[in-house]
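Participant: This is the structure, below, for whatever I ask next.
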Amino acid sequence: MPSLAVSEEVFLYLLSSVKNEMIRLGFIGAGTVGTALAIRLSGKGYRVVAVSSRNQTSAKNLAQSVSGCQALNNNQAVADAAELVFITTPDDAIAAVASEIKWHAGQSVVHCSGTDSTNVLEPAKKLGAYTGVFHPLQTLASTKQAMGNMSDSTFTIEAEEPLLNLLKDMATALDGHWIELKAEDKVAYHLAAVVACNYMVTLVKRATDLWQTFAIPPHQATQALLPLLRGTINNIDTIGIPQCLTGPIARGDTGTIKKHLDALQKIAPDMLTTYRELGRQTIPIALAKGTINQRQAQELETILKQPDQK
């Protein structure tokens with residue numbers, strides 16, 4: 001007679017699958033985040049049963065992409081059908097949605113804002129629902145791209161048990177990682193994400209603008225810069241900060257910095273303030289790397305000082 005024993009790993013997987021299948025999920029909002037999460041969670045065994053959206057076409061498209069999911073015409077119907085409801089509307093609409101629905105005790109309500117805490121879900125909490133935040137720390141430009149990028153991403157979670165443990169399981173099921181945040185941490189956390197992600201786009205845009213001064217169009221400039229960007233990200237990952245820092249600040253190359261400032265004065269004077277401030281913020285990193293000394297740091301500081309600074 002064959003043995004019925006299974007490994008602990010297989011047992012935990014089966015147990016997780018059973019738990020996933022028992023939980024009915026609903027989504028209010030069918031934009032990029034809601035659609036990507038719904039499809040990915042469904043693919044991991046979670047039951048996504050209902051969706052609503054201001055744009056009924058988006059709701060129908062999501063429902064068609066997820067087996068067993070219905071596109072409903074109002075938010076209350078989603079809340080009535082699901083045990084865990086994701087509010088994946090724009091941030092400014094979360095509080096209004098939470099206050100308009102008649103939640104019931106023991107239900108779970110989660111939003112996916114990077115900035116807001118569970119405080120905006122207070123109306124649901126007063127009615128006895130568990131409240132939480134589940135934010136993917138990832139750039140989500142389109143549904144297809146979002147689904148591809150979620151793996152290995154970090155999900156920031158704010159919740160109390162038993163919802164906390166459930167959201168941790170979801171992050172793991174999505175092949176991601178998780179960290180817990182307190183309400184007072186959210187704005188600083190989101191600010192860091194904006195600086196690292198959104199403003200990198202801005203810096204690349206300004207870099208491609210400079211290439212246009214020697215007649216290279218933006219698309220070609222971007223394609224030329226992408227390997228440099230990928231190399232930088234790879235160095236941050238493999239070598240780490242500060243050791244990955246290269247360039248004139250890391251070398252203490254004051255001559256090059258002066259040439260940059262002179263060139264910007266002629267071709268892009270509106271970038272001078274940004275260049276000076278970024279350079280000054282880079283000096284401590286070069287010092288930490290050990291490739292410049294205090295004297296060189298002071299020379300760089302003097303050169304990069306804003307004209308109105310004493």
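The values are calculated or read from the model by the stated rules, or taken from the named source; none is laboratory data. Note that this is a predicted model, so its numbers are computed, not measured. Please note: Cβ atoms are built from the backbone with ideal geometry, for glycine as well, and neighbour counts cover all protein chains shown. We work out accessible area using only protein heavy atoms, side chains counted, and drop any ligands, DNA or RNA first. Shrake-Rupley method; radii C 1.70, N 1.55, O 1.52, S 1.80 Å.
Participant: If each residue of separation counts as 0.36 nm, what is the full-extension length gain between Asn55 and Ser142 once their alpha-carbon separation is subtracted?
Facilitator: Going from the current span to full extension adds 29.7 nm.
Participant: Please sort by residue number the trypsin sites (Lys or Arg not before Pro) in the range 89-163 whose DSSP state is loop and whose Cβ has at most 10 other Cβ atoms within 10 Å. Before the final figure, lay out the partial values.
Facilitator: On the way: sites: Lys102, Lys125, Lys126, Lys144; in loops: Lys102.
In loop regions of the range 89-163 (DSSP not H, G, I, E or B), the sparsely surrounded trypsin sites (Lys or Arg not before Pro) are Lys102.
Participant: Just how many % of Cα pairs in the range 177-310 lie over 20 Å apart, if you round to the nearest whole percent? Please list the in-between numbers first.
Facilitator: Details: 5182 of 8911 pairs.
Distances greater than 20 Å cover 58 percent of the Cα pairs.
Participant: Helix 254-267 against the longest principal axis of the chain: what's the angle in degrees, Cα atoms only, rounded to the nearest 10?
Facilitator: 80 degrees
Participant: Counting C-alpha atoms alone, how compact is the range 64-132: give Rg to one decimal and Dmax as a whole number, in angstrom.
Facilitator: Here Rg and the maximum Cα pair distance are 11.8, 34 Å.
Participant: Rounded to the nearest 0.05, what FRET efficiency do Lys125 and Tyr189 have when you use their Cβ-Cβ distance and R0 = 22 Å?
Facilitator: Working: r = 21 Å, r/R0 = 0.97.
With a Förster radius of 22 Å, E is 0.55.
Participant: Show me the ranking of peptides 114-121, 173-180, 191-198 by mean Cβ neighbours inside 10 Å, starting with the highest.
Facilitator: Values: 114-121: 19.4, 173-180: 16.2, 191-198: 11.9.
By packing density, highest mean first, the sequence is 114-121, 173-180, 191-198.
Participant: Return the Cα extents of the range 20-149 along principal axes one, two and three, sorted largest first, each rounded to a whole Å.
Facilitator: Over the range 20-149, Cα extents along the principal axes are 36, 29, 27 Å.
Participant: Would you please put 72-84, 150-162, 199-211 in order of how densely packed they are, using the mean number of other Cβ atoms within 10 angstrom per residue and starting with the highest?
Facilitator: Details: 72-84: 18.8, 150-162: 16.5, 199-211: 13.9.
The packing order, highest mean first, is 72-84, 150-162, 199-211.
Participant: In a GNM of the chain with a 10 Å cut-off on Cα contacts, which of Ile101, Ile23, Ile233 has the highest mean-square fluctuation?
Facilitator: Of Ile101, Ile23, Ile233, the most mobile in the Gaussian network model is Ile233.
Participant: I would also like to ask the following. Can you give the accessible area per residue of the chain, in Å², using a 1.4 Å probe? Display every interim value, and only then the final one.
Facilitator: Working: 17320 Å² over 310 residues.
On a per-residue basis, the chain sits at 56 Å².
Participant: Please report the projected area of the range 212-282's Cα convex hull averaged over all directions, in nm².
Facilitator: Spelled out: convex hull of the Cα atoms, projected over all directions, averaged, 5.5 nm².
Participant: Another one. For Gln64 paired with Asp175, estimate the spin-label separation in nm (one decimal), with each label point 7 Å from Cα along the Cα-to-Cβ line.
Facilitator: The answer from the label model is 2.6 nm.
Participant: Return the carbon/sulfur percentage of the accessible area of the chain, one whole number, probe 1.4 Å, all protein chains in place.
Facilitator: Values: 9750 of 17320 Å².
Carbon with sulfur: 56 percent of the solvent-accessible area.
Participant: Hey, which aspartates and glutamates would be in cross-link range of Lys60, C-alpha to C-alpha under 20 Å, not counting anything within fewer than 8 residues on its own chain?
Facilitator: Cα-Cα hits under 20 Å: Asp80.
Participant: In addition: Taking 0.36 nm per residue of sequence separation and subtracting the Cα-Cα distance, how much length would be gained by fully extending the chain between Ala288 and His219, in nm to one decimal?
Facilitator: Numbers: separation 69, 0.36 × 69 = 24.84 nm, distance 3.56 nm.
Here the segment from Ala288 to His219 would lengthen by 21.3 nm.
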